[in-house]
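To keep things clear, I will list the structure first and then write my remarks on it.
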Amino acid sequence: MKVTVLIPGVLRTATDGASQVDVDVPEPATLGAALDVLANTYPSLDRRLRDERSTLRRYVNFYVNGEECRRLSGPATPLPADAEIQILPSVAGG
């Protein structure tokens, strides 16, 4: 199943400048499965999104069709056909 991943500007160096990436996710299609496929193509991006145990980094927010995944099922969040995943790293300042 094909899904679209929107890449924020700060992470585009890891995707060769691409602002969005289409990935084919195997069934059962989940956020975690989509990130696994993305990691095979862009390993340096995966290190920015997940830790060594493949846990979502707490300072990166993931939205599936506009819904924040941590309020859903985290990496187990099911993906409907043609889902859009948006990645938003947290911004801190002081």
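Laboratory data are not the source of any read-out in this text; all were calculated from the coordinates shown. The shown structure was predicted, so the numbers you read here are calculated from the model rather than taken from an experiment. Note that we place each Cβ from the backbone using ideal geometry, even for glycine, and neighbour counts take in every protein chain shown.
Points worth noting:
- Residue-count net charge about R57 - beta-carbon cut-off 15 Å; Lys, Arg +1, Asp, Glu -1: +2
- Amide H partners (placed H, <5 Å) of V25, local residues excluded: K2, V3
- Whole-Hz Karplus values for segment 33-45 come out as 5, 5, 5, 4, 5, 4, 5, 5, 8, 10, x, 5, 5 Hz, taken residue by residue from phi with 6.51 cos²θ - 1.76 cosθ + 1.60 and θ = phi - 60°; glycine and proline positions read x.
- Subtracting the Cα-Cα distance of T13 and V60 from 0.36 nm times their residue separation leaves 15.3 nm of extension gain.
- Label corresponding to Rg/Rh (Cα atoms, Kirkwood Rh) when calculated from the structure given, among (i) 1.02; (ii) 0.93; (iii) 1.11: (ii)
- Cut-off under 5 Å, modelled amide H: who pairs with T30 long-range: L79
- Paramagnetic reach from D24 (point 7 Å along Cα→Cβ, amide N under 15 Å) across segment 51-94: 82
- For I7, distant residues with modelled amide H under 5 Å away: Q20, V21
- Remark: segment 65-74, residue by residue, has Karplus-estimated 3J(HN,Hα) of 6, x, 9, 5, 5, 5, 7, 9, 10, x Hz, where x stands for each Gly or Pro and the curve is 6.51 cos²θ - 1.76 cosθ + 1.60 at θ = phi - 60°.
- Positive contributions from Lys and Arg (+1) and negative ones from Asp and Glu (-1), summed over other residues with Cβ under 10 Å from the Cβ of L35, come out at -1.
- Extreme residue, positive dipole direction of the chain, given options S90, C69, Q20 (C-beta unit charges): S90
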